[in-house]
Structure formats: structure tokens, C-alpha cells
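The values are calculated or read from the model by the stated rules, or taken from the named source; none is laboratory data. From a predicted model like this one, the values you see are computed outputs, not experimental measurements. Ideal geometry is used to build each Cβ from the backbone, glycine not excepted, and the neighbour counts take in all protein chains shown.
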Amino acid sequence: MLDVMSTQLQGPSTPSTGPNAASLGSAPRSNSMGKLSLPSLRRVGYHERVRTRQLIRDNMKKTMNSKSFPVKQMEWNIFWGKTGRPFQGLCCAACTPNSQISFVTEASKTTSLKNVLDVDAQNGKGFLTRRLCHLNTVWNLKKYDYPQLSPTVLRDERLQQAVVEAAKRDAADVKEDKESLYDCFLKKHEERATRVVMKMRSTLSDFLLRLTSWILYKLLPCFLTSVAAHPGQLRMLHAAGETGLPLIFLPLHRSHLDYILISFILLNNNIRSPLVAAGDNLSIPVFGWLLRGLGAFFIKRRMDPVAGQKDVVYRAALHTYMIHCLRAGHNMEFYIEGGRTRTGKPSLPKGGLLSVIVDAYMDGTIEDALLVPVSVNYEKLVDGNFVRELLGQPKKMETFGSAVKGIWSVLNSNYGMMRIDFNQPFSLRELVQSFQANTKIIMRNPRVLMSNDDMYSDTNKNSMTISSGAQMHHVPSSASLFGTDYVDDKSRFLVESIARHILYDATRSTSIMSTNAIAFLLLNKHRCGTTLGNLVRSLDELRKELLVSERDVGFCGESIDVVNHAVELLGPGLVRKEKKILPIEGEDPEPTIFISPVIMLPNVIELSYYSNTVLAFYVMDSITATGLVSLLPFDMYHSEAGQQSSAHAIWLESLMEAAYELCDILQFEFIFTKPCQHLETVLMDRIDSLCTANVLLLDEAKVESDDERGIRPSRRIPSYLEYDSEEDDLANAEPQTKYTLNIERDALRRLDFLHGLLRPLVDTYAASASVLERLASRSRSEKELVHDILAEVKVQLDSGQCQYGESLSVDPIKNSLKLFERWGVLECHIEENVKLYYLSESRDSEESVREVYNKINKYKWIIGNQ
């Protein structure tokens with residue numbers, strides 16, 4: 001219809017003589033021959049084109065308001081207005097109350113977003129200044145000195161002692177007792193220490209930063225429509241930099257472009273550029289030199305847990321280098337997740353480099369430091385996708401050729417916009433003091449950090465409950481610096497609590513991009529496809545829910561524009577858009593736009609990457625809903641919704657216990673609460689939200705009989721909350737809260753939606769548990785075991801036992817193996833750099849393994865149709 005309309009409107013141009021002619025300009029002048037001159041013809045053509053475009057816009061607006069919702073053809077202009085958007089990234093009021101009132105003003109909170117790629121060329125005084133606005137901008141940036149520290153590091157006493165220790169250890173391993181051998185080993189380790197430091201060091205250059213900034217001003221608009229940042233956050237960082245304390249930037253890691261853009265934004269706002277910890281896999285010809293000049297210092301991505309403990313030289317070199325950088329006043333940046341997320345949701349933190357910063361404060365090397373969590377998100381991932389790795393194929397190492405090819409491909413593509421949020425800087429000293437003051441309370445009260453701590457013990461063969469005297473720390477990655485260093489439990493607990501708080505804050509402040517929202521809705525609400533109108537309404541609902549939760553989105557404008565923009569960016573490989581004629585009751589069928597996700601493998605895995613960013617915001621709601629579903633009888637929904645004969649009673653303590661158990665199962669997938677929060681309080685809040693949504697109905701009747709409730713007297717509260725307290729004994733004597741499930745269609749649809757969010761993960765974990773039977777009286781390498789589980793997931797997908805293609809993913813499989821190791825089901829040892837898994841002695845039986853499977857599988861079943 002729009003094409004026909006455009007054809008009719010593009011007729012012969014004639015001068016406007018009607019009442020609207022004045023709005024289009026003065027009447028064209030004719031020459032003496034009565035014919036229009038060339039300038040007049042141009043003016044007439046211009047006015048006619050303006051009138052034609054206006055008529056097309058008016059007709060398109062009328063058409064969009066009709067029932068057919070055709071695709072809008074004109075370009076979507078991004079509006080950067082505030083429109084009541086929440087200010088993201090304020091630090092924790094409970095842990096750092098003094099920091100929360102620092103650096104941020106009310107005026108900063110109300111500032112609109114800006115595109116940092118836009119440079120106002122009109123402010124220049126001269127012609128060249130206006131024409132060369134980007135060059136003028138980088139020329140006038142504040143200049144900082146970046147001292148080179150490698151000579152100082154090599155002379156440091158700590159590193160020299162490590163060299164001596166390594167030489168003595170090697171000499172002791174040799175049977176021949178000759179002093180000359182010690183001298184040879186000493187010289188060898190001295191030379192190695194020099195090589196390590198020179199290979200690790202950064203050569204940060206002010207000139208190279210400015211040159212690269214000018215180049216980025218030219219290149220970034222080729223593939224990014226905008227780079228959105230909050231001016232109030234940038235002013236906040238500038239004020240923090242004036243304190244003289246080092247700023248420690250801790251971003252979420254999504255793309256190799258992260259560190260380049262962060263340094264670019266900081267430099268162009270006159271904030272000191274940080275030194276960036278980068279993996280040694282990026283130390284490739286040309287690009288490695290460039291990254292080193294922009295502030296990167298290269299460290300090992302992985303350390304062997306056995307050899308790493310013996311490599312005192314490397315660990316001392318890294319520790320000493322970072323300490324001297326802090327002393328010299330450098331800001332620093334490293335990724336708390338370690339590497340880029342492969343699934344779209346944040347990975348659990350690694351505390352290796354953070355422990356160096358904490359140690360520097362604890363031993364008085366630095367007076368304090370300001371920690372800055374950073375959230376980064378893209379409408380479309382510049383690095384491509386991680387489907388190969390998630391399907392079990394080895395990662396392709398970066399090379400010069402692949403880097404050039406990737407850059408060329410990026411420059412000829414459209415990746416939409418990028419959004420970055422800098423959280424409020426908070427004092428490391430204040431946070432450490434807060435955690436130290438509350439350690440005794442936390443250690444005594446498992447309600448506070450249950451989801452974050454190692455409180456799961458398998459002391460009883462038939463049950464897995466929290467041990468009241470369990471150590472409150474998380475087992476670190478054996479391949480990280482933190483995992484190979486000798487750290488006492490108290491220091492480890494402190495570093496892990498800080499790391500988890502930082503990751504929680506950064507996750508919460510992450511802005512939802514248009515592609516995240518559309519992928520999430522298509523995979524979880526409209527998996528079988530829906531009309532454009534229904535998808536627009538679902539997006540409106542999602543935006544309202546995020547706004548109520550004080551979460552920001554990286555888009556604005558009409559939802560229909562957002563949907564069309566996101567679908568175009570995701571492309572036909574992930575989202576199909578087609579015209580269909582759908583029957584409408586009581587009306588003539590009309591063609592309408594139908595949008596559906598591509599749920600075939602491997603496309604659905606890539607689409608789930610974008611969806612998982614939103615999943616982090618709904619995880620606690622989904623935990624509660626999934627726990628609720630597990631308490632319902634399987635035959636309750638044999639008939640259509642709304643036709644059940646009787647409501648089913650849900651006891652609060654049973655619901656809480658199910659939710660805690662699910663948190664136990666998914667402890668390696670999410671950080672459920674801040675370290676300073678009570679998990680019980682958060683779950684109760686989510687249960688209240690189910691009541692507000694009329695999914696659960698509070699039963700006002702009080703039933704005091706344990707027999708009627710079908711529980712033992714000793715289980716008045718969930719086993720996960722048992723600890724000695726007189727107040728709790730009194731609370732347990734009171735009647736317990738009872739709910740009933742609302743069986744109306746809308747309530748069940750909401751419950752089904754929330755329950756389905758975690759189904760792909762639960763399916764993966766259940767498949768992993770089912771494969772454990774094959775380990776009876778044998779061992780398997782990690783690679784073999786992962787491939788066995790992948791094969792099992794494929795079989796279950798074909799048979800219908802597993803209904804989500806995104807369940808076929810290596811990351812949750814490896815996390816499930818960590819969980820089984822934590823539960824004491826699996827044991828692991830490393831032999832010739834190969835990780836071998838086998839069943840523990842107490843679990844080496846089919847009955848015991850079947851119990852683990854049943855523990856997970858009860859959260860799988862589907863309650864209805866969406």
C-alpha cells in the first residue's frame with residue numbers, strides 16, 4: 001500500500017499555488033519569455049519534494065495506527081532526552097554510605113545522555129578549527145605523564161627475593177651439590193624475570209593516545225551509530241580523579257572493543273587513562289604493540305594449578321609491577337570476569353588481580369583506592385558470536401591475519417549503538433572496614449550470604465543441606481592467579497565478597513539494549529512467533545517493568561520503531577519477519593507483519609546471547625516461580641486452565657526451601673544477592689511480587705497443625721535456614737503462612753513465563769546429572785565428559801525431553817561439573833595437564849547418582865502453554 005501511495009505522489013512537479021504555498025517559500029520567478037529560470041526550477045523541485053515527503057509521512061502515521069501495523073519505512077531518529085530515566089550505578093548505601101554521597105549531585109542525575117562521537121564544530125573560532133574539529137579536540141586534551149616502571153620493578157626487593165627462592169628450589173632438586181649450579185640457576189631466573197617484565201609491561205604514550213583518539217573519531221561512525229554515555233557519570237569520574245587516589249575500573253567484558261572505547265571516552269573527558277590488564281593471547285604483531293602503547297599490560301590468561309604455585313618469579317613480577325603502577329599514580333583497569341562472557345550473562349568473578357589491589361591497601365602501600373564498576377553493552381556484538389565455543393569446539397587463537405580480516409568486516413557493517421555506564425566510585429577502605437566489621441555476624445548467620453558462600457555439605461548420603469559450621473568462601477578458579485597463590489581464608493573471603501559485590505553492582509546497572517529486549521521477548525514470550533502489534537505491546541509491558549525496577553534501557557522512542565530497528569539489526573538469521581494473512585474473528589482477514597525467532601540450532605544459541613542480558617534482571621522472580629512449580633502436583637494441569645476442581649495449598653516454608661535449593665543448584669550461574677543482603681529477604685520480596693501479580697493468593701486462615709501441613713515438627717523452617725536463635729524458636733511456634741495458586745489464565749501465563757526463563761539451564765543440569773551414571777567405577781577427562789553431556793542433550797532435544805535448543809551449551813555444562821564437585825558427588829585431579837573426573841567413594845553407585853538427578857529434574861516440568 002505504501003509503495004502504491006509513493007508512486008501516485010511522485011507525479012509531475014507543479015508550483016504550489018494553494019493556501020500552503022507560503023509555507024514552502026515565495027513564488028518562483030519567470031524570465032522575460034514566460035519560462036521558469038534554472039534556479040526557479042530547482043526551487044520548485046525542492047518545494048515539491050518537501051511536500052511529497054510530508055504527505056508520505058502523514059499517510060504512514062495514519063496507516064501505522066490501523067490494525068495491520070505495517071513496517072515503518074522512514075529512519076528512526078534516536079532521541080537522547082532524559083524522559084524520567086533512572087540514574088544508574090549508585091554505590092551500596094549499606095556497605096559504603098560515605099561514598100554514596102560523594103561525587104554525585106542532583107544536577108548530574110538529571111542530565112541527558114550524550115553521544116560521545118559528536119563534536120560541536122560550531123564553537124570553533126576559526127575556519128580551520130571548525131573544519132578540523134576532531135583534530136582540534138584531541139590537540140586540546142589535558143596532558144598526563146605516564147612513567148615507565150620496568151627498570152624500577154626489576155630492582156624491587158620482592159622480585160629479587162623470588163628469583164633467589166626459585167634458584168634455591170631448582171638447586172635443591174639437583175642431586176649434585178655444587179655451588180656453581182646455584183649461580184647458573186640464579187642467572188637463568190634473573191634473565192627470565194627480565195623477560196617476563198619486559199613482555200608484561202605497558203608503554204602507555206600520550207601521543208599515541210591522542211593519535212588513536214583522532215582515528216577512532218573517524219572510524220567508529222563507520223560501524224557504530226552512537227556511543228552513549230551519561231555526562232553526570234563522567235563529571236563524577238572527573239571529580240574522583242581530582243582526589244589523587246587511583247581509580248580502579250572494573251568493567252563487564254563483552255568485546256575486545258571494550259578497553260579501546262573505555263580509554264577513548266576517559267581520554268576525551270580529560271580523565272587519566274588507565275593501564276589495562278590484557279590476556280597474552282592479544283600480544284600479536286602490530287596490534288600487540290598498539291595495545292601496549294594504549295595502556296595494555298599483558299598477563300597469562302591461565303596458570304597451571306601445580307606449576308603455577310611453583311612459578312614464584314612470574315607471580316612476584318606481576319604483583320610487583322601492579323604495586324609500582326599504583327604507587328606511581330596510574331589508574332588501572334581489569335575485567336572482574338576474567339574473559340569475555342560467552343553466554344551474554346555475567347560470569348562469576350575471578351579475584352586474582354583484585355587481591356593485589358586489596359593487598360596493596362592492607363599492607364599500607366596505598367592509602368586507599370576508588371573502585372569503579374563499569375557496565376558495557378552493545379546492540380550487536382562486534383566480535384561476532386561464540387557459537388563454536390559453546391558447541392564444544394576449541395577457541396580460535398587471535399592472529400594478525402584474523403585481526404585485519406575482522407577489522408575490515410566490522411568497518412563494512414552496522415552494529416547499532418553502544419552504551420557504557422560508569423558506576424559511582426566507592427572507597428576500598430570503607431568497603432573493607434564494612435566487611436571486617438560484619439564478618440562475625442555473617443559467619444554466624446547463614447541467611448546473609450547463603451547464595452554466595454561455601455555452605456553446602458554432603459554430610460548425609462540422603463540429603464544435601466547447609467552445614468552450620470561450613471567455611472564461608474567460594475572456591476576460586478584453579479587456573480587463576482588467586483587459585484595458585486597462598487591466601488588465608490580470611491583474606492580470600494574478603495576479596496571474594498568485594499568481587500561479588502562489584503559484579504552484582506555492574507550487572508544491575510547494565511542498560512538493556514533494543515536487541516536484548518526483542519530477543520528476550522521472542523524466546524520467552526513469543527517463541528512460536530507473533531504479530532508486530534503483539535510484540536509492540538509486550539515491549540511496552542517490559543519497559544514499564546524495567547522502569548518500576550529502576551533499570552535503564554539503551555533505547556527510547558515509540559516501541560514500534562524499537563522493534564523494527566532491533567529486528568533489522570539482528571538480521572534474518574536470528575529473527576524472521578514476513579507478511580501473513582491471519583484470520584480475525586468477526587473481521588475480514590488482512591495481511592499483517594509476523595515476527596518469529598529462528599529456534600533451530602545453532603542460530604538460537606546466538607539469539608539467546610542477547611536474551612540472557614535481560615535474564616539477569618528476572619532471575620530471582622524465576623527462581624521463586626520455578627520453586628513454586630516444583631511444589632505443584634503433576635496432574636494438576638491435565639485439563640484446560642481455569643477448570644481445575646480445587647486449589648492447591650502452598651506453604652511458605654516449603655516454597656522458601658524449594659527456592660533455596662534452586663539457588664544451590666544454580667550457584668555457579670548467577671549472583672543472587674549482594675554480600676550485604678539477606679537472601680531470605682530478597683526471596684520474600686519476590687514472593688510478595690507474585691502475590692501482587694495475583695499469581696499467588698494469600699490464605700488468611702491460620703492452620704497450626706503440623707500434621708495437617710504434612711511436615712515434621714523439627715522442620716518448622718527450611719533446613720537451609722537452621723541456626724541457633726531464641727527469636728527463631730519463638731517465630732517457629734507461630735502459625736505458618738499459607739498461599740493458594742490463582743488458576744486464572746492470566747496468572748498461569750505469568751507463572752509459565754517466569755518458570756520458562758530458567759528451563760534451558762535446568763535442562764542442561766539435569767542432562768549432566770543423568771550422564772554421571774556412566775562414571776561408575778571409571779574416570780573421564782573433562783573434555784570427554786563435556787562431549788558426552790553435549791551428546792546427551794542432543795538426544796534429549798530429538799526425543800522432546802529437552803525443549804530448548806539453547807540448552808546445548810558448554811558453559812552451563814562446565815558449571816554443573818563444578819556444582820557436582822562442590823556437592824561431593826564428583827572428585828577431580830589433574831594428570832599431565834588433563835583434568836580427570838570420577839565419582840567420589842560415597843557417591844559411586846547408581847542409587848546415589850539417581851538421587852542427584854531427581855533433585856534437579858523436579859524443576860523441569862511444563863505447567864501449561866503460553
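Can you name the helices (runs of 4 or more DSSP H) wholly within the range 144-234 that have at least 1 residues being in contact with a strand residue (DSSP E or B) (Cβ under 6 Å, 6 or more places away or on another chain) and either under 26 Å from residue 275 (Cβ atoms) or acidic (Asp, Glu) (or both)? I'd like the intermediate steps shown before the answer.
Working: elements: 150-154, 157-173, 179-200, 206-223.
So the answer is 179-200.
Name the residue, out of 527, 543, that is buried (at least 18 other Cβ atoms within 10 Å of the Cβ) and either under 18 Å from residue 613 (Cα atoms) or under 22 Å from the mean Cα position of the chain (by Cα) (or both). Please lay out each step first, then the result.
Details: 527 fails: buried (at least 18 other Cβ atoms within 10 Å of the Cβ).
One residue alone meets the criteria, 543.
State the number of residues belonging to the range 507-548 that are among the acidic types (Asp, Glu) and touching an Asp or Glu at 6+ places or on another chain (Cβ under 7 Å).
So the answer is 0.
Would the range 804-815 turn up any residue that is closer than 27 Å to residue 672 by Cβ, buried (at least 21 other Cβ atoms within 10 Å of the Cβ), of a type in the set (D, E, K, R) and assigned by TED's automatic domain parsing to the domain that holds residue 835?
yes
Just one of the numbered conditions (1) of a type outside the set (Ser, Thr, Tyr); (2) buried (at least 17 other Cβ atoms within 10 Å of the Cβ); (3) outside the structural domain of residue 271 (by TED's automatic domain parsing); (4) under 30 Å from residue 329 (Cβ atoms) is not true of residue 155; which one?
Of everything listed in (1) of a type outside the set (Ser, Thr, Tyr); (2) buried (at least 17 other Cβ atoms within 10 Å of the Cβ); (3) outside the structural domain of residue 271 (by TED's automatic domain parsing); (4) under 30 Å from residue 329 (Cβ atoms), residue 155 misses just condition (2).
Being under 23 Å from residue 416 (Cα atoms), touching a Ser or Thr at 6+ places or on another chain (Cβ under 6 Å) and not assigned by TED's automatic domain parsing to the domain that holds residue 261 is the filter here; which residues of the range 87-123 pass it?
88
Hey, does the range 511-524 have a residue that's touching a Lys or Arg at 6+ places or on another chain (Cβ under 8 Å) and within 26 Å of residue 427 (Cα to Cα)?
yes
Looking at the range 350-387, which of the residues that are over 20 Å from the mean Cα position of the chain (by Cα) and of a type in the set (Ser, Thr, Tyr) is nearest to residue 419 (Cα to Cα)?
Here the answer is 355.
Inspect the range 414-425 for any residue being out of contact with any Leu (no Cβ under 7 Å at 6 or more places or on another chain), under 16 Å from residue 676 (Cα atoms) and either modelled with pLDDT of 75 or more or in a helix (DSSP H, G or I) (or both) and give the result as yes or no.
Looking for residues that are out of contact with any Leu (no Cβ under 7 Å at 6 or more places or on another chain), under 16 Å from residue 676 (Cα atoms) and either modelled with pLDDT of 75 or more or in a helix (DSSP H, G or I) (or both), one finds none in the range 414-425, hence no.
Can you tell me which of (1) within 14 Å of the chain's Cα centre (by Cα); (2) of a type in the set (Ser, Thr, Tyr); (3) buried (at least 23 other Cβ atoms within 10 Å of the Cβ) is the one residue 497 doesn't meet?
The single condition residue 497 does not satisfy is (1).
Which of the residues that make up the range 142-175 are closer than 30 Å to residue 266 by Cα and among the β-branched types (Val, Ile, Thr)?
152, 153
Give me a count of the residues in the range 841-862 that are more than 16 Å from residue 770 (Cα to Cα) and more than 29 Å from the chain's Cα centre (by Cα).
Final tally of qualifying residues: 2.
Anything in the range 350-390 that is out of contact with any strand residue (DSSP E or B) (no Cβ under 7 Å at 6 or more places or on another chain), part of a helix (DSSP H, G or I), hydrophobic (A, V, I, L, M, F, W, C) and within 19 Å of residue 321 (Cα to Cα)? List them, or say none.
354, 356, 358, 360, 362, listed by residue number.
In the range 391-408, what count of residues is obtained for those that are exposed (fewer than 12 other Cβ atoms within 10 Å of the Cβ) and either among the small types (Gly, Ala, Ser) or part of a helix (DSSP H, G or I) (or both)?
Kept after step one, since they are exposed (fewer than 12 other Cβ atoms within 10 Å of the Cβ), are these residues of the range 391-408: 393-397, 401, 405, 408.
Next cut, either among the small types (Gly, Ala, Ser) or part of a helix (DSSP H, G or I) (or both) only: 401, 405, 408.
Of the residues in that region, 3 qualify.
Restricted to the range 99-127, and to residues that are surrounded by 11 or more Cβ atoms within 10 Å (Cβ to Cβ) and in a helix (DSSP H, G or I), which residue is modelled with the highest pLDDT?
It comes out as 99.
Name the one entry in 231, 221, 246, 274 that is over 25 Å from residue 569 (Cα atoms) and either among the basic types (Lys, Arg) or surrounded by fewer than 17 Cβ atoms within 10 Å (Cβ to Cβ) (or both).
One residue alone meets the criteria, 231.
What is the number of the single condition among (1) within 24 Å of the chain's Cα centre (by Cα); (2) farther than 16 Å from residue 390 by Cα that residue 804 does not meet?
(2)
Name the single residue, out of those in the range 733-772 being β-branched (Val, Ile, Thr) and over 29 Å from the mean Cα position of the chain (by Cα), that is surrounded by the most Cβ atoms within 10 Å (Cβ to Cβ).
Among them, the one singled out is 771.
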